[in-house]
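Student: Below is a structure I'd like to ask you about.
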Amino acid sequence: MSAEVPPPLYQDLFIVCHHENGKPLIHRSSISLGLAGAVLIDLALYGRVRLKGRAVVVTDRTPTGDPVVDAYAGAFQRDRPELDAVTWAKTVAADSYDRARRQLVRVGLLTEVTGRRLGMLPYTRYRADMAAIVRASTDVRSAVSGWREMDARGAALCGLVLALQVHTELYIGQSSAQLTTTLRTIVNEHSPQVKELVGLFEALIGEAAVAVYR
């Protein structure tokens with residue numbers, strides 16, 4: 001029996017960045033940059049692009065099969081042979097949250113729920129079922145607990161979760177400081193590619209978080 005192919009990284013990251021009731025754990029601008037990072041990492045892990053400094057170089061134009069990843073890959077293929085990763089990420093982040101959410105609804109991982117606050121103010125949230133929530137956090141939990149050897153996708157998810165500062169919401173049996181150290185070690189020791197990609201977006205996410213409170 002063939003192994004199950006994991007979903008694109010951005011899908012798990014989106015789910016991890018929200019409460020069970022669908023409310024975002026952090027500001028949407030930060031999640032959006034994290035999703036842009038997840039898409040770029042997906043493209044790198046699929047062998048479609050590679051980083052050359054801060055430039056993204058297209059190495060394979062074959063579609064991945066995911067509409068969100070492939071839509072954003074088109075920017076690299078249309079614009080120029082090498083595109084600045086930071087410029088691309090900031091552009092992609094403008095609609096990465098909405099695109100990711102629509103795709104998650106389309107594939108059945110999120111369900112739209114409407115209601116009224118205080119019986120008057122309407123709201124809409126998008127809830128993931130418990131199976132999707134458990135699966136989305138499995139890589140991080142496995143890495144921290146040492147249950148299995150971590151692959152590049154899992155290490156990248158650990159890095160993005162840490163960069164977005166949502167790791168403490170996973171209720172793993174470690175202190176915040178210990179968990180931070182463990183996740184940082186996983187990223188730094190996995191591979192130069194994962195470390196470089198995660199580091200690029202960690203800096204961008206940090207800048208966005210500071211800008212929100214200016």
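Student: Round to a whole angstrom and tell me the spacing of the C-alpha centers of the stretch 147-193 and the stretch 17-73.
Tutor: Result: 18 Å between the Cα centres.
Student: Turning to a different aspect of this structure: Which lysines does residue 52 reach when only Cα atoms under 28 Å apart count, and residues fewer than 8 places away in its own chain are ignored?
Tutor: 90, 195
Student: How do the peptides 121-129, 173-181, 24-32, 100-108 rank, highest first, by the average count of neighbouring beta carbon atoms within 10 Å per residue?
Tutor: Per-residue mean Cβ counts within 10 Å order the peptides as 24-32, 100-108, 121-129, 173-181.
Student: Please identify the helices of the chain, taking whole runs of DSSP H, that span at least 24 Å along their own axis as judged from the Cα atoms and have a mean Kyte-Doolittle score of -1.0 or higher.
Tutor: Helices meeting the span and hydropathy rule in the chain are 28-45, 192-212.
Student: Take each of the peptides 133-142, 38-47, average the number of other beta-carbon atoms within 10 Å over its residues, and list them starting from the highest.
Tutor: 38-47, 133-142
Student: Next question, about the same structure. Note down the magnitude of the dipole of the chain about its Cα centre, charges +1 on Lys and Arg C-beta and -1 on Asp and Glu C-beta and zero elsewhere, to the nearest 20 debye.
Tutor: Roughly 540 debye for the chain.
Student: Still on this structure, I have one more. Could you name the aspartates and glutamates in cross-link range of residue 23, using Cα to Cα under 20 Å and dropping any fewer than eight places away on the same chain?
Tutor: Those aspartates and glutamates meeting the cut-off are 12, 95, 98, 112, 129, 169.
Student: Rounded to the nearest 500, what is the 222 nm mean residue ellipticity of the chain from helices alone, with -39500 (n - 2.57) per DSSP H run of 4+ residues and division by all residues?
Tutor: -18000 deg cm²/dmol
Student: Kindly state, to the nearest 0.05, the FRET efficiency for residue 95 paired with residue 175, given R0 = 41 Å and r defined as their beta-carbon distance.
Tutor: 0.65
Student: Continuing with the same structure: Once you've got the GNM for the chain with C-alpha springs shorter than 10 Å, pick whichever of 37, 22, 115 has the biggest mean-square fluctuation.
Tutor: 115
Student: Could you compute the FRET efficiency for residue 112 and residue 165, with r as their C-beta to C-beta distance and R0 at 35 Å, rounded to 0.05?
Tutor: For residue 112 and residue 165, the calculated efficiency is 0.80.
Student: Now, a different point. In nm, to one decimal, how far is the modelled label at residue 195 from the one at residue 131, with both set 7 Å along Cα→Cβ?
Tutor: In this crude spin-label approximation the distance works out to 3.9 nm.
Student: Could you please tell me the mean projected area of the C-alpha convex hull for the stretch 66-149, averaged over all directions and given in square nanometres to one decimal?
Tutor: 9.1
No lab work stands behind these numbers, since they all come straight from the coordinates. Everything numeric here is computed off the predicted structure, so don't read it as measured data. Heads up, the Cβs are rebuilt from the backbone with ideal geometry, glycines too, and the neighbour counts pull from every protein chain shown.
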